[in-house]
Amino acid sequence: MLGVNARPAVAKVVAPIVPALVRAGITPDMVTITGTVGAVVSAVFLIGSGHLFWGAFAVWMFVMLDMLDGALARARGGGSVFGAVLDSVGDRAADAAIFGALAWWFSGGGDNRLFVLLSLICLVLGVLTSYIKARAEGVGLSCDVGIVERTERLIIVLVGTGFTGLGIPYSLHVALVLLVAGSAVTVAQRMVAVRRGAAGAALPQSSPQP
């Protein structure tokens, strides 16, 4: 998975930046909030209004801040439980904004009701992909499988969006079709993994219900 394989390279990129942020008093939560708000605003006001290339570019730049908060937390002596939850919530908000903005654009200037539906399906499948893993881990199971995780989703949708903004036809259409198929497979993979991992296991008494 790209998210796992890219971590060593990402660590080398952010390593020189982190000490300067620590000296400046920047906290991981500040980085998370800035990245989330920037990605949501860029998606809603740029992608949603049809400025697809610049919207994809802006969203990507803010999403890249997600590389910094974990490294910054480690440099400051370790992250917090609240910071971990905030980071996860921010990721879901940014993802929802991207696909929601695409659905909005397809319902107007994009003029394609089928891809309104596909955008919304991508949004739902992305949420399910993350929820299955979170719920599985909440009951003590591992669930790291899947051909399309968040990194892959973002690369596919933002590249497709950006190329469409540059005038390359059908780029976004192909990206959404690939995402629907890949995300559906990922949800199935995770449910199978949870079923296998849960065989014979009892639900912990303290496990919270959603």
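Gyration tensor analysis over the Cα atoms of segment 73-145 returns equivalent ellipsoid semi-axes of 32, 17, 7 Å (largest first, whole Å).
Ranked by solvent-accessible area (1.4 Å probe, protein heavy atoms only, all chains present), the residues 118, 128 order from largest to smallest as 128, 118.
For Kirkwood radius over Cα pairs in Å, the candidate list reads (i) 17.7; (ii) 18.2; (iii) 20.1; the entry that matches the value derived from this model is (ii). Accessible surface of residue 62, taken over heavy atoms with a 1.4 Å probe and every protein chain present, rounds to 70 Å².
With a 1.4 Å probe rolled over the protein heavy atoms of all chains, the accessible area of 149, 137 falls in the order 137, 149, largest first. Considering only 42, 57, 26, the residue lying farthest towards the positive end of the dipole of the chain is 26, judged by Cα position with unit charges set on Cβ.
The portion of the accessible surface of the chain made up by carbon and sulfur, rounded to a whole percent, is 70 (1.4 Å probe; DNA, RNA and ligands excluded). Helices in the chain that qualify as membrane-span-like (whole DSSP H runs, Cα extent of at least 20 Å along the helix axis, mean Kyte-Doolittle hydropathy of 1.0 or higher) are 28-42, 113-138, 171-198. Rolling a 1.4 Å probe across all protein chains gives residue 105 an accessible area of roughly 50 Å².
Counted by Cβ distance under 12 Å from residue 154, the other residues give a net charge of -3, where Lys and Arg count +1 and Asp and Glu count -1. Taking a ≥ b ≥ c as the square roots of the eigenvalues of the Cα gyration tensor, an a/c ratio of 1.5 or more together with a/b larger than b/c marks segment 103-202 as prolate. Rounded to the nearest 20, the size of the Cβ-charge dipole of the chain about its Cα centre is 360 debye, with Lys and Arg at +1 and Asp and Glu at -1. Only DSSP H runs of four or more residues enter the estimate; each adds -39500 (n - 2.57), and after division by the residues of the chain the mean residue ellipticity at 222 nm equals -24000 deg cm²/dmol.
Given their separation in residues at 0.36 nm each and the Cα-Cα distance between them, residue 127 and residue 147 gain 5.7 nm when the chain is fully extended.
The values are calculated or read from the model by the stated rules, or taken from the named source; none is laboratory data. Note that this is a predicted model, so its numbers are computed, not measured. All Cβ positions, glycine included, derive from the backbone under ideal geometry; neighbour counts span all protein chains shown. When the accessible area is computed, the model is the full protein with side chains, heavy atoms only, and any ligands, DNA or RNA have been set aside. Shrake-Rupley method; radii C 1.70, N 1.55, O 1.52, S 1.80 Å.
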